[in-house]
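Here the structure is laid out as structure tokens; the discussion comes afterwards.
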Amino acid sequence: MARPGDVLKRVVLGRPMSSGELGHTLLPKGIALPVFASDALSSMAYATQEILLVLALVGVSALSLVVPLSLAVAVLLAIVIVSYRQIVRAYPGGGGAYVVAYENLGFTAGLAVGAALLLDYILTVSVSITAGGDAIVSAMPGLKEHKVGLTLALIGLVTLANLRGSKESGRIFAVPTYGFVVAIYVLIITGFVKCVGGCPQAESAGEHLEPEAALTLLLLLRAFAAGTTALTGVEAIAEGVPVFRFPQSKNAAATLGILGVLSISMFIGVSWLTDHTNVVYTEEATRTVMAQVAHAIFGGGFMFYVIQTLTALILILAANTAYTGFPVLASILAKDKMMPNQFKSRGDRLVFSNGIVILAVSAALLVVIFDANLNALIQLYLVGVFLSFTLAQFGTVMRWRRTREPGWQKSAAINAFGGSVTGVVLGVVVVTKFKQPGEFAGAWIIIVATPIVMYLMRSVYKHYTYVADQLAHPERKPLDRRPGNAHFVILVPKVDAAAARAVGYARSTRSADISAVTFDAANHAPWRRLAPDIPLKTLTGKKHDSLLANLRERRAALPRNDFLTVVTPEVLAGEGWYEIIRHPGLHRLKAKLVREPDIQVLDIPLVAADIDPVADQAHEPGRNHVIVLISAVHNAVLEAVEYAETMRPTDIRAVSFGLEPEETERLGDRWLEARVPHPLEIEESPYRDLGESVSRYIKRFSPDGVNRVVTVVIPEFIVSKQRHQILHGHTALIVKKRLLFENGVVVVSVPYHL
Amino acid sequence: MAFLGDLLEKLARPPQELRAEHLREWAASVPGAIPIADAESRCSCKLAGVIQNVRIDPREGTGSIEATIFDGTGLLVVKWLGRQKLSGIRLGAGLILEGTVGEGRSKQLQVLNPEYQLLPAPEHG
């Protein structure tokens, strides 16, 4: 029976999907195009406008340069698309520019592109949704006060649609995207027809502009750079190849081609119309260039409003491209150890939910910080994209030189040329956006943020590689097969049913050394009745400190091969979050204990309702089934297995849940190599819900806590620097939380110190 | 009101049930295979299912491998003795086998060293 929270989740997100359904979530070209193209096409909506803004500095006469400049941008766009088609074919695993840079230009280049793209995706969401919000406010000026709230609400909606799955969100967004394309073509064709006798003039035609600058090469470059905003969005397809239907590379390449044709034709068409309707655009203008052209061609009629609506919609949808690109890129970076593992896992709907959520939160933060000011946000925009364009193309050149496929020289030349041009644009963008007076010179934020993100990614990488080294390090391998002894110290806050179970459990391991400690001397009398054979010591002084001191003393006196386990029994009044947070002191103590080197913590929770007053008299469970949770075979796991052996259980096995099917054989082989004389079970977890899967598996043993107990041994990584802890351990936490209220289940953490 | 009740019931249905249904359909499409729920001890049958659990036991003599398959109607343990390497037996793969059904641990239906065929994961959903 599902819990009410589950039903709500089901209504909002749809039913959970099993891993076997991944193939069904892949996108056919028809849906992939609107998902990825919306960014590229929407930037086309304001690219012409950006060129005009720069040209206007020279005066009205320079405005006709918009057409040749657009042609130049179109040529660059074509080159970049050709480059990316090759990238997509060479790297079908996705990751596009990042993988190219990493493999061909080195680790730092990969780091740079990864960081730049991540930041850029976040900006894409902020910019496009803010632009969409602006469009809505233009239609309904009363909402101006609430622009930030409106923008955040829009972010929320798009996030939700994406959490349901790319295919679903793609279907929703296909209509406005295709609608926009059709509408623009209608605009262009109608424009050509109407221009036969002489083009209708825009409302701003004939306006006078004060020349503020001379027509220099630098100015032309600035105008060209402004127009290159039309290129943003192309890289997303290369990042997102894994979401295409098979054959993935071919479909992605085809989609790029279609995008190129559409983009270029629409861009040149609109620029031509802009020139011939003599639009004069300044920052003070109320109507955008697109709106002015549409108004000139269609009058104030129905089509005009259609175009405005679709433009607003596609600006919002441009964010959707980022919602597909960012999570896939984050998962690839996580696989390469540059981002936390959490970004690798797919959620209920088989999308990378963690990536989606982080993207949404970051974009929302930016919107709040910049107060939904589009102009401020746009300044940050181009740097990341053009950095990745440049590195990707030069990376491809290096690849040609390496692989020397037939015809490589021509391809390499094209890529080198394209890379140089985007490099120049990058330079121009950086310089101009630093220096422009009066405008928000915000590009420096990105230029500072990118290296910071690079540094963070590098630390994550260094940490994970250090961990992998430690886990495989031959010197830290547990000593071969010499059984150590188990020593138990039972913590006795109160002599109750849980303490009785702890005694029974410890005794069942046949350990020669079981003792107990308490902070309350009053426990001595009841303890003597419960377990006269187990010595109880009262500790004085500050609780946690004296306990730790006592334990450390004992541990130091023991041989290295032995294990010292602290048993923490607790009675829980009921099941629920409240119980978990009710005893913060105990949790703090457990957390401290887990961080102690060479001390295991064994938790015996007992829900009051499960207490059997007759049976719960320090009864030794006749059956103790031990399962060691593993996901790989390494030193931490081997140590956990050794520990499990000291419990003298009825049986031991290692169990792995939710492994990728391809990994099944590898895990099996590694297990055999390690020569562990215990069975390994690999159990499926098709909905990737580890807690549930473990719980279901345990039920087979029918633990009752009195006669039959299941002990779950979990190897936990304890890192030396607190801040690294966030990169690990969420698995242990999930399992512990899920099993806390299960009767007859005991959880032990075997910490492995890194 | 009844419609709302039905809708809520459908939403509350655990996804495992839907999956079991799809697996039943898939298994039924395998020519000659009978549902695991219909298999009796000592029958020599053809059965099909998806591998949900793989167990490697390096202890028993020269080792053994077990795969537990599910076809939407029941569970069956397929055991190979004298074998350690998995070679293609993996989670999610489809398994079609012919052999004599017996009883293994805890009265679980089991087939020893059958003739078998591995298939790529049957996609459901």
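Coordinate-derived values only; no laboratory data. Computed from a predicted model, the values in this text were never measured in an experiment. Glycine also receives a Cβ, built like all others from the backbone with ideal geometry; neighbour counts cover every protein chain displayed.
See the values below:
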read-out: Average projection area in nm² (convex hull over Cα atoms of the stretch A:635-685, one quarter of hull surface); value: 3.8 nm²
read-out: Karplus 3J(HN,Hα) series, Hz, for the stretch A:452-460 with 6.51 cos²θ - 1.76 cosθ + 1.60 (x for Gly, Pro); value: 5, 4, 4, 5, 4, 5, 5, 5, 4
read-out: For A:A115, net neighbour charge (Lys/Arg +1, Asp/Glu -1) across residues whose Cβ lies under 15 Å away; value: -2
read-out: Whole-number D in µm²/s for the stretch A:264-336 (Stokes-Einstein; Kirkwood sum over Cα pairs; 25 °C, 0.890 mPa s); value: 166 µm²/s
read-out: Residue list for the stretch A:105-136, given a label point 7 angstrom along the Cα-to-Cβ vector of A:A416 and an amide N cut-off under 17 Å; value: A:105
read-out: 10 Å Cβ neighbours from other chains, averaged over peptide A:679-689; value: 6
read-out: Charge tally in the Cβ shell below 13 Å around A:V748, where Lys, Arg are +1 and Asp, Glu are -1, A:V748 excluded; value: -3
read-out: Binned Cα-Cα distance frequencies in the stretch A:487-598 - 10 Å width, integer %; value: 13, 45, 36, 7, 0
read-out: Sites A:R582 and B:Q16, calculated FRET efficiency, Cβ-Cβ separation with R0 35 Å, nearest 0.05; value: 0.60
read-out: Residues whose placed amide H lies under 5 Å from that of B:K85, excluding near-sequence neighbours; value: none
read-out: Distant-in-sequence amide H partners of A:E716 (H built 1.01 Å from N, under 5 Å); value: A:V750, A:Y752
read-out: Pairs of Cα atoms farther than 55 Å apart, the protein assembly as shown, %; value: 26 percent
read-out: Over chain A, relative contact order from alpha-carbon pairs under 8 Å, at least 6 apart, %; value: 16 percent
read-out: Neighbour-count ranking [beta-carbon atoms within 10 angstrom, fewest first] of A:M339, A:M303, A:M454; value: A:M303, A:M454, A:M339
read-out: FRET E, pair A:K335, A:M303, Förster distance 51 Å, beta-carbon r, rounded to 0.05; value: 0.60
read-out: Centre separation in Å (Cα based) which lies between the stretch A:22-45 and the stretch A:539-557; value: 61 Å
read-out: Highest average packing first - A:510-521, A:265-276, Cβ atoms within 10 Å; value: A:265-276, A:510-521
read-out: Simple spin-label estimate for A:V453 and B:R42 in nanometres, 7 Å along Cα-Cβ; value: 7.0 nm
read-out: Inter-chain shielding of A:665-672 (mean C-beta neighbours from other protein chains, 10 Å cut-off); value: 5
read-out: Residues A:H463, A:H24 arranged by fewest to most Cβ contacts within 10 Å; value: A:H24, A:H463
read-out: Stokes-Einstein diffusion coefficient of the stretch A:590-650, Kirkwood radius over Cα pairs, 10 °C, 1.306 mPa s, in µm²/s; value: 110 µm²/s
read-out: Principal axes of the stretch A:547-628: Cα extent on each, largest first, Å; value: 40, 33, 24
read-out: In order through the stretch A:185-192: 3J(HN,Hα) via Karplus (6.51 cos²θ - 1.76 cosθ + 1.60), integer Hz, x for Gly, Pro; value: 4, 4, 4, 5, 5, 4, x, 4
read-out: P(r) weight above 17 Å for chain B, C-alpha pairs, percent; value: 58 percent
read-out: Qualifying aspartates and glutamates (Cα of each under 15 Å from Cα of A:K29; at least 8 residues distant if same chain); value: A:E168
read-out: Evaluated over the stretch A:316-424, the Cα radius of gyration and Dmax, each in Å; value: 17.9, 53
read-out: Extended-chain gain in nm, criterion 0.36 nm per residue less alpha-carbon gap, A:A72 and A:T403; value: 116.1 nm
read-out: Separation between Cα centres of the stretch A:162-216 and the stretch A:619-690, rounded to whole Å; value: 61 Å
read-out: Net length gained if the chain between A:I726 and A:S61 were fully extended (0.36 nm per residue, minus Cα distance); value: 233.4 nm
read-out: Inter-site label distance for A:R666 and A:E207 at 7 Å from Cα along Cβ, in nm; value: 6.1 nm
read-out: The stretch A:538-600: relative contact order as a whole-number percent, Cα under 8 Å and 6+ apart; value: 41 percent
read-out: Nonlocal amide H pairs with B:K46, under 5 Å, H built at 1.01 Å; value: B:I34
read-out: Cα convex hull of the stretch A:11-112, projected area averaged across orientations, nm²; value: 11.3 nm²
read-out: Cα-based Rg / Dmax (Å) for the stretch A:598-754; value: 15.8, 50
read-out: For chain B: relative contact order, % (alpha-carbon pairs under 8 angstrom, 6 or more apart); value: 23 percent
read-out: Equivalent ellipsoid, the stretch A:23-77 (semi-axes from 5 times Cα gyration tensor eigenvalues, Å); value: 35, 11, 6
read-out: Residues A:H619, A:H730, sorted so that the one with the fewest Cβ neighbours within 10 Å comes first; value: A:H730, A:H619
read-out: Stretch gain in nm, segment A:A214-A:S695, where the contour uses 0.36 nm per residue and the Cα spacing is subtracted; value: 165.7 nm
read-out: Under Karplus coefficients 6.51, -1.76 and 1.60, residue-wise ³J(HN,Hα) of the stretch A:352-364 in Hz, glycine/proline x; value: 7, 4, 4, x, 4, 5, 4, 4, 4, 5, 4, 4, 4
